[in-house]
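The values are calculated or read from the model by the stated rules, or taken from the named source; none is laboratory data. A quick note: this is a predicted structure, and the numbers were derived from the prediction, not measured. We place every Cβ from the backbone using ideal geometry, glycine too, and count neighbours over all the protein chains shown. Protein only, heavy atoms only, side chains kept; ligands, DNA and RNA dropped before computing areas. Shrake-Rupley method; radii C 1.70, N 1.55, O 1.52, S 1.80 Å.
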Amino acid sequence: MSLGERGRLPTWLKLAFTLWMLFWAPSVALRIGVQNYLWLCNLANFLLLVGLWAESRRLISMQWLASALVGSLWALDAGVAWASGWHPIGGTEYMFDASIPLSVRLLSLYHLVLPLVAGFGVARLGYDGAALAWQTALTWAAILAAWALTDPARNVNWVEGPFGASQAWLPDGLYVITLMLIWPLVLYLPVHLATLALMRRQP
């Protein structure tokens, strides 16, 4: 049986994720602001919700690319920092910033769950090889939108600098173009290739 023939997604998963979104989306809007919806990891929440109910292999595959490596690195950085106070990668410092309300920081714990949900969806429905191109296009659109529409102080999608810090070594436009190239090459392509290799090994 191929990955694409293993059946439909369970209703309990769809309902559980819907309940989470009914709590998470208004909380982000009220506590942080709708600008934060443009974060790629936050967009993944919305698109995965649609993908689960539509049982869309493409949408779920796209969010698998968006969350698998990003979520793993987020968990590694936050976990090591929680245990030792040291951030080996960076990007989760806000989780330990006492000036940010704990309720706001806890909203980010979905980074731990998103790869599991998307990975389960891919295991049940199969992986869409076109997801890399579609997710890359979405990423480019989200980066440009964040650069043009959001408060620079929020540094949404790191359009002002990597790991939450500002950058000054490249002109702004050139930096954004570089970011658009690096994001899919570093964060999506390895997951895409590994998933295709795993699929080829399936009986």
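Mind checking the angle between helix 189-200 and the chain's longest principal axis? C-alpha axes, 0 to 90 degrees, to the nearest 10.
The angle comes out near 10 degrees.
In degrees, nearest 10, range 0 to 90: what is the angle between the Cα axis of helix 11-31 and the longest Cα principal axis of the chain?
10
Around A81, what is the net charge, scoring Lys/Arg as +1 and Asp/Glu as -1 over all other residues with Cβ under 15 Å from its Cβ? Show your work: numbers first, answer last.
Numbers: positive: R105; negative: D77, E93, D97.
Net charge around A81: -2.
Of Q167, Q135, Q63, which has the largest mean-square fluctuation in a 10 Å C-alpha GNM of the chain?
The residue that fluctuates most here is Q167.
Once the piece of chain linking R31 and W134 is laid out straight, how much longer is it, given 0.36 nm per residue of separation minus the C-alpha distance between them? Walk me through the numbers on the way to the answer.
Working: separation 103, 0.36 × 103 = 37.08 nm, distance 3.06 nm.
Contour length minus the Cα-Cα distance gives 34.0 nm.
If you roll a 1.4 angstrom probe over the protein chains with everything in place, what fraction of the accessible area of the chain belongs to carbon and sulfur, to the nearest %? Don't skip to the end; give the middle numbers.
Values: 7520 of 10490 Å².
Heavy-atom surface of the chain belonging to carbon and sulfur, 1.4 Å probe: 72 percent.
Going by alpha carbons, how many degrees (0 to 90, nearest 10) lie between the helix axis of 110-125 and the longest principal axis of the chain?
In the chain, helix 110-125 runs at an angle near 20 degrees to the longest axis.
Which one of V113, F96, G126 has its Cα pushed farthest toward the positive end of the charge dipole of segment 1-129, where Lys and Arg give +1 and Asp and Glu give -1 at the Cβ?
G126
Provide the net charge surrounding L193, with neighbours chosen by a C-beta distance below 14 Å and charges set as Lys +1, Arg +1, Asp -1, Glu -1. All intermediate terms of the calculation are to be shown ahead of the outcome.
On the way: positive: R200, R201; negative: none.
Value of the local net charge: +2.
Could you compute the net charge surrounding M62? Neighbours are other residues with a C-beta less than 15 Å from the C-beta of M62; K and R count +1, D and E count -1. Walk me through the numbers before you get to the answer.
On the way: positive: R57, R58; negative: E55, D128.
That sum, taken over residues with Cβ under 15 Å, equals 0.
So the label point goes 7 Å from the Cα of L189 along Cα→C-beta, right? Which residues of segment 61-77 then have their backbone N under 18 Å from it?
Answer for this model: 65-70.
Given a 1.4 Å probe, how much area per residue of the chain is accessible, in Å²? Please list the in-between numbers first.
Details: 10490 Å² over 203 residues.
For the chain, the solvent-accessible area averages 52 Å² per residue.
Where does the chain land on the Kirkwood hydrodynamic radius, alpha-carbon pairs, in angstrom?
Values: mean 1/r = 0.0563 Å⁻¹.
Every distinct Cα pair counted, the radius reaches 17.8 Å.
So what's the back-of-envelope 222 nm ellipticity for the chain, counting only DSSP H runs of four-plus at -39500 (n - 2.57) apiece and dividing by all residues, rounded to 500? Could you put the intermediate results ahead of the total?
Numbers: 8 runs with 128 residues, N = 203.
Only helices count here, giving -21000 deg cm²/dmol.
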